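Novice: Mind looking over this structure? Questions follow.
The values are calculated or read from the model by the stated rules, or taken from the named source; none is laboratory data. Computed from a predicted model, the values in this text were never measured in an experiment. Virtual Cβ from ideal backbone geometry, glycine too; neighbours counted across all protein chains shown. Accessible surface areas use protein heavy atoms only, side chains included; no ligands, DNA or RNA. Shrake-Rupley method; radii C 1.70, N 1.55, O 1.52, S 1.80 Å.
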Amino acid sequence: MVENLPVAVIGAGPVGLAAAAHLLERGLDPMIFESGTSAGAAIDQWRHIRLFSPWRFNLDAAAVRLLEPTGWEPPRLTALPYGGELVDNYLAPLAAIPAIASRLQTGARVLAVTRRGLDKTQGRKRDTTPFVVRVQDTAGEVRDVTVSAVIDASGTWSRPNPLGTSGLPAIGEDGAADRISSSLPDVSGRDRHSFAGGRVLVVGAGHSAANTLINLAELAKEEPGTRILWAVRGGSAEKTYGGGDADGLPARGQLGSRLRRLVEAGTIELHTDFSISSLADSEHGVTVTSGDGRALVADVVVPCTGFRPDLDMLRELRLDLDPAVEAPTELGPLIDPEFHSCGTVPPHGARVLAHTEKDFYIVGMKSYGRAPTFLLATGYEQVRSVAAALAGDRAAADTVHLELPETGVCSSDAGTSCDVPAVALASAEDDSSSCCSAPEPVLIGIPTGLAHGRSGV
Ligand SMILES: Cc1cc2nc3c(=O)[nH]c(=O)nc-3n(C[C@H](O)[C@H](O)[C@H](O)COP(=O)(O)OP(=O)(O)OC[C@H]3O[C@@H](n4cnc5c(N)ncnc54)[C@H](O)[C@@H]3O)c2cc1C
């Protein structure tokens with residue numbers, strides 16, 4: 001790594017800020033670029049949604065070490081925070097600590113990353129050439145910043161999957177954009193006016209869809225004209241219902257059970273095997289048509305179809321990505337939603353996340369590419385290891401630990417299953433290879449959105 005230059009961290013979400021905390025502990029100088037107006041800007045969009053993992057798993061150890069001397073009051077570790085609480089009670093205080101605040105640039109969108117003076121085809125002295133990060137501020141001004149290494153923690157929130165099948169927008173989807181909401185609207189609060197009394201079509205089978213549907217049912221109690229339609233690509237909604245009241249995670253089970261009851265009571269009209277082929281907007285609403293010719297008419301469509309990473313800004317870098325999942329090559333097969341419904345993942349760090357492009361790492365939600373089962377605890381261990389690697393502490397980088405929330409059974413779509421106690425785990429990175437090999441942490445794995453083109457709607 002080129003010395004005496006800062007390390008760029010793209011994104012001031014929980015994982016980007018944790019990366020900064022670990023870099024500081026290692027004596028490195030993070031420079032954090034955040035496109036939003038404040039830290040946690042993506043989570044702020046879903047502040048009304050409750051996390052399904054308790055506080056204990058949502059805090060990074062190095063971040064807590066920075067916070068503690070400031071008189072910060074730690075939350076009750078067993079409580080499940082709302083997204084807004086994660087921002088207000090953890091990310092905002094962390095971002096306000098002078099060591100972070102002085103290195104955090106908000107309203108700073110990273111447009112591209114490259115090597116100074118080298119395009120992607122030029123290999124000579126690449127490893128010893130600094131990176132250039134191209135940044136745009138809110139006034140549209142663009143500048144280039146030279147850095148020694150880059151940690152991309154920019155998440156996937158800004159790139160929802162399209163509604164259409166085949167990974168492409170459905171015919172007419174772009175033209176119907178005004179009828180399509182954000183991925184997790186606050187239907188009974190901030191965004192209520194767009195949904196009250198209307199016909200709302202929710203598309204998707206993950207945690208986001210479940211939350212939105214339940215909140216819409218609450219809205220419908222107060223606004224009786226509200227009609228709730230739910231389209232899933234699969235033959236049933238069983239995956240979304242989860243383990244019901246017997247679920248190893250009570251919060252997840254309760255969500256699934258409530259949803260099932262609302263569907264059975266007819267409050268929510270479920271349409272299965274519904275793969276969207278076209279949308280047609282008119283003054284009467286948007287007509288959403290499935291591949292087999294069924295049509296649903298709605299005033300607004302809520303896309304809960306998962307997310308994908310923005311790889312455009314990394315085009316000049318030499319990346320190693322799994323061709324299906326768009327996660328780092330070694331990580332991809334371990335989290336591929338086609339084979340791992342639970343999202344189980346062995347502890348992993350810098351070695352698994354490395355690319356041909358030396359000193360460049362994708363971490364956090366974005367490191368999972370199109371897989372929907374990322375957990376913060378996984379990301380915090382990723383950045384601990386990456387900071388150690390950048391500091392030259394290979395032993396610390398390669399000794400990866402992970403403790404994930406307690407859960408019950410992890411099953412893979414391939415038909416295998418594993419029932420693993422949630423214990424503190426430590427493993428060398430090359431120890432693990434498959435879903436059920438030991439040592440293996442279990443994650444709680446209700447997808448936050450299912451990849452539209454794969455195992456989701
Ligand atoms: C509804 C929902 C519920 C979830 N619940 C849980 C849970 O219970 N437990 C759990 O462990 N995980 C949960 N997750 C998954 C995951 O932990 C979160 O998505 C988390 O926010 C990921 O953190 P991150 O830092 O990787 O990305 P983000 O939080 O998305 O942060 C990325 C940041 O980068 C910024 N950014 C984006 N592009 C750029 C750019 N080009 N330049 C500069 N800045 C940029 C964004 O504004 C954002 O602030 C949930 C996710 C969702 C969507």
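Novice: Pop the C-beta distance of ASP29 and TYR82 into the FRET formula with R0 = 30 Å and round what comes out to the nearest 0.05.
Specialist: Between ASP29 and TYR82 the formula returns 0.35.
Novice: If you take the square roots of the eigenvalues of the alpha-carbon gyration tensor of region 174-303 and sort them as a ≥ b ≥ c, do you get rounded (a/c under 1.5), prolate (a/b over b/c) or oblate?
Specialist: oblate
Novice: Kindly report the accessible area of the chain per residue (heavy atoms of protein chains, probe 1.4 Å, no ligands, DNA or RNA), in Å².
Specialist: Values: 18330 Å² over 457 residues.
Per-residue accessible area for the chain comes out at 40 Å².
Novice: Taking R0 as 45 Å, what FRET efficiency do you get between ALA196 and THR70 from their Cβ-Cβ distance, rounded to the nearest 0.05?
Specialist: 0.60
Novice: Please report, as a whole percent, how much of the solvent-accessible surface of region 157-229 comes from carbon and sulfur atoms (probe radius 1.4 Å).
Specialist: Ligands and nucleic acids excluded, carbon and sulfur reach 49 percent.
Novice: Ignoring ligands, DNA and RNA, what percent of the accessible area of region 246-332 is carbon or sulfur (1.4 Å)?
Specialist: The value for region 246-332 is 48 percent carbon and sulfur by accessible area.
Novice: Once you mark the trypsin sites (Lys or Arg not before Pro) that are in a DSSP loop and have at most 15 other Cβ atoms within 10 Å, what is the longest gap between them in the chain? Could you put the intermediate results ahead of the total?
Specialist: Numbers: sites that count: ARG76, ARG116, LYS120, ARG124, LYS125, ARG190, ARG294, ARG315, ARG318, LYS358.
It runs 191-293.
Novice: Just order 281-292, 329-340 by mean Cβ neighbour count inside 10 Å, highest at the front, would you?
Specialist: 329-340, 281-292
Novice: Compute the signed sum of charges (Lys and Arg +1, Asp and Glu -1) over the other residues within less than 14 Å, Cβ to Cβ, of ARG192.
Specialist: Computed value for this residue: -4.
Novice: In addition: Along the Cα-to-C-beta direction of LEU311, a point sits 7 Å from the Cα; which residues of region 77-120 have their amide N less than 17 Å from that point?
Specialist: The answer is 112-114, 120.
Novice: Also, I was wondering about something else. For SER277, what residues show an amide H to amide H distance below 5 Å, using hydrogens built from the backbone and excluding near sequence neighbours?
Specialist: THR289, SER290, GLY291
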